[in-house]
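K.L.:
Sharing a structure, written as structure tokens. Questions coming.
Here, each number is a calculation from the coordinates, and none is a lab measurement. These numbers were taken from a predicted model, which means no experiment stands behind them. Here Cβ is always computed from backbone atoms with ideal geometry, including for glycine, and neighbour counts include all displayed protein chains.
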Amino acid sequence: MLERNPVIFIILAFVVIMIGTTVTMIAPFKWINSAGDRIAEVKPYTPLQQEGRDIYMREGCNNCHTQTVRTLTADVERYGNGGGYSRSGEFVYDRPHLWGSRRTGPDLARIGLKYPDPKGAWHRKHLENPRSVVPASNMPSYAFLNEPLDTTYSERKMKLLKFPYTQADLDDLKGKSEMDAIIAYMRKLGTDLSVKKAEAAMQPPADQKNPFSDLKNVKAEALSIFAQNCASCHGDKRQGGLGPALKGSSKSDAALFAIISTGVEANGMPGFSGSLDQQKIWKLVTLIKLGKQDD
Ligand code: HEC
Ligand code: HEC
């Protein structure tokens, strides 16, 4: 009956659609981004990091890389790097957000935790020629980013985004390349979280011995863990690369365990306590200690 009166029908349809819109699109603002979602450690970008972020967008890195770790266990294990899954409070300074929807390459939300090297040597090598560290990579080379950074709008961007900055931050931009900026951005992602530091405290109990004394039993698994986590820096045959060769070592098992678990971040060796369990780390220790002759 109502449908015979177009005016009333249109009004009622409009009201129904507006109720739906309010419930799904306007009301949620009442309960998302509340004080409870904020994460105090999350800091805004510095001018260099923000320039890097803009280059990331210009080059369309987000067409191949997402920046959000879903709550799925598989996602957390693969991309969490000790930082867990993504929470809304991590994105307060992202304008626009770069969550993305396509993973041709890995998620980058926690990439700063994965390669903590202050000099960014891994990123430089990888961006200049991805195949030099990951032989099967189909990521394009970005060697052309080794050109001077255009800083004309750097200060204006910071003002517009209302991010705090100092004159020292701006001076820091002098002489930097686009490559430096994008590496600074990569190194920031995920590193504001304090989660990983708690986990990095994992150490072998002082009296614990390496349970794997026979390389034969663990070799296949150790080689596969090594290929996935270590080869890009230590070489696919452990011959060395960004990090030293790992064919035999004069260090004790416990010392090697500590290095792999905690890392030597200042020198570019990441800690793996957040991503590898104790058993796996011991297997790697056995491989490094006893795997002198084999490949
Ligand atoms: C055509 C798709 C594609 C584009 C575009 C692309 N990447 Fe990648 N990226 C990949 C793939 C595939 C991998 C995995 C293999 C590797 O590590 O090289 C990867 C790996 C990475 C890694 C290492 C991830 C890890 O967990 O080790 C970083 C960092 C990275 N890309 C950054 C970038 C940046 C920065 C840009 C833009 C300048 C970019 N990528 C553009 C496909 C892409
Ligand atoms: C991002 C690059 C990178 C990755 C990935 C990496 N390492 Fe390293 N590693 C280094 C660098 C650089 C050093 C040298 C650190 C130093 O000089 O203090 C190093 C040092 C080491 C050392 C100490 C060697 C010695 O004799 O002093 C061991 C052991 C080691 N790495 C094992 C591993 C294992 C096992 C993995 C994989 C689970 C791994 N590394 C992954 C870069 C890396």
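K.L.:
If r is the Cβ-Cβ distance from ASN217 to ARG58 and R0 is 35 Å, what FRET efficiency results, to the nearest 0.05? Display every interim value, and only then the final one.
P.N.:
Values: r = 51 Å, r/R0 = 1.45.
Between ASN217 and ARG58 the formula returns 0.10.
K.L.:
Ignoring everything except DSSP H segments at least 4 long, calculate the 222 nm mean residue ellipticity for the chain; use -39,500 (n - 2.57) per segment, divide by total residues, nearest 500. Don't jump to the answer; show the numbers that get you there.
P.N.:
Values: 13 runs with 119 residues, N = 295.
Per the formula, -11500 deg cm²/dmol.
K.L.:
Can I ask one more? Starting from the exponent 0.38 and prefactor 2.2 Å, build the expected Rg for the stretch 201-290 from its residue count and divide its actual Cα Rg by it. Before the final figure, lay out each step's value.
P.N.:
On the way: Rg = 12.0 Å, N = 90, 2.2 N^0.38 = 12.2 Å.
With N residues counted in the stretch 201-290, Rg over 2.2 N^0.38 Å equals 0.99.
K.L.:
When the Kirkwood hydrodynamic radius is evaluated over all pairs of different C-alpha atoms of the stretch 29-157, what value in angstrom, to one decimal, is obtained? Display every interim value, and only then the final one.
P.N.:
Numbers: mean 1/r = 0.0610 Å⁻¹.
Hydrodynamic radius (Kirkwood, Cα pairs) of the stretch 29-157 is 16.4 Å.
K.L.:
Counting Lys and Arg as +1 and Asp and Glu as -1, what is the net charge of the other residues whose Cβ lies under 12 Å from the Cβ of LYS119?
P.N.:
Details: positive: ARG124, LYS125, ARG187; negative: ASP117, ASP180, GLU265.
That works out to 0.
K.L.:
Turning to a different aspect of this structure: Once the principal axes of the Cα atoms of the chain are found, what is the range along each, listed largest first in whole angstroms?
P.N.:
Computed over the chain, the largest-to-smallest principal extents equal 87, 51, 36 Å.
K.L.:
OK, next. Just in the stretch 125-184: which trypsin sites (Lys or Arg not before Pro) are loop by DSSP and have at most 15 other Cβ atoms within 10 Å? Working shown, then result.
P.N.:
Values: sites: LYS125, ARG131, ARG156, LYS157, LYS159, LYS162, LYS174, LYS176; in loops: LYS162, LYS174, LYS176.
Of the trypsin sites (Lys or Arg not before Pro), the ones in loops of the stretch 125-184 whose Cβ has at most 15 other Cβ atoms within 10 Å are LYS162, LYS174.
K.L.:
May I pose another question? Note down the net charge around VAL218, summing +1 for each Lys or Arg and -1 for each Asp or Glu among other residues with Cβ under 10 Å from its Cβ. Intermediate results must be reported in sequence, preceding the final value.
P.N.:
On the way: positive: LYS216, LYS219, LYS280, LYS283; negative: ASP214, GLU221.
Summing Lys and Arg as +1 and Asp and Glu as -1 gives +2.
K.L.:
When only DSSP loop residues count, what trypsin sites (Lys or Arg not before Pro) in the stretch 78-116 have their Cβ near at most 10 other Cβ atoms within 10 Å? It would help to have the intermediate numbers written out before the result.
P.N.:
Working: sites: ARG78, ARG87, ARG102, ARG103, ARG110, LYS114; in loops: ARG87, ARG102, ARG103, ARG110.
When the trypsin sites (Lys or Arg not before Pro) of the stretch 78-116 are filtered for loop state and at most 10 Cβ neighbours within 10 Å, ARG102 remain.
K.L.:
Now a separate question. Would you mind calculating the relative contact order of the chain from Cα pairs under 8 angstrom and at least 6 residues apart, reporting the percent as a whole number?
P.N.:
Details: 390 pairs, mean separation 61.0, N = 295.
With pairs under 8 Å counted, the relative contact order is 21 percent.
K.L.:
Same structure again: In terms of Cα to Cα distance under 23 Å, which lysines are near enough to LYS280, apart from those fewer than 8 places away along the same chain?
P.N.:
In chain and number order, the partners are LYS114, LYS196, LYS197, LYS209, LYS216, LYS219, LYS237, LYS247, LYS251, LYS289, LYS292.
K.L.:
Pick out, in residue order, every one of the trypsin sites (Lys or Arg not before Pro) in the stretch 1-49 that is DSSP loop and has at most 14 other C-beta atoms within 10 Å; say none if there are none. Please list the in-between numbers first.
P.N.:
Details: sites: ARG4, LYS30, ARG38; in loops: ARG38.
Here the sparse-neighbourhood loop sites are ARG38.
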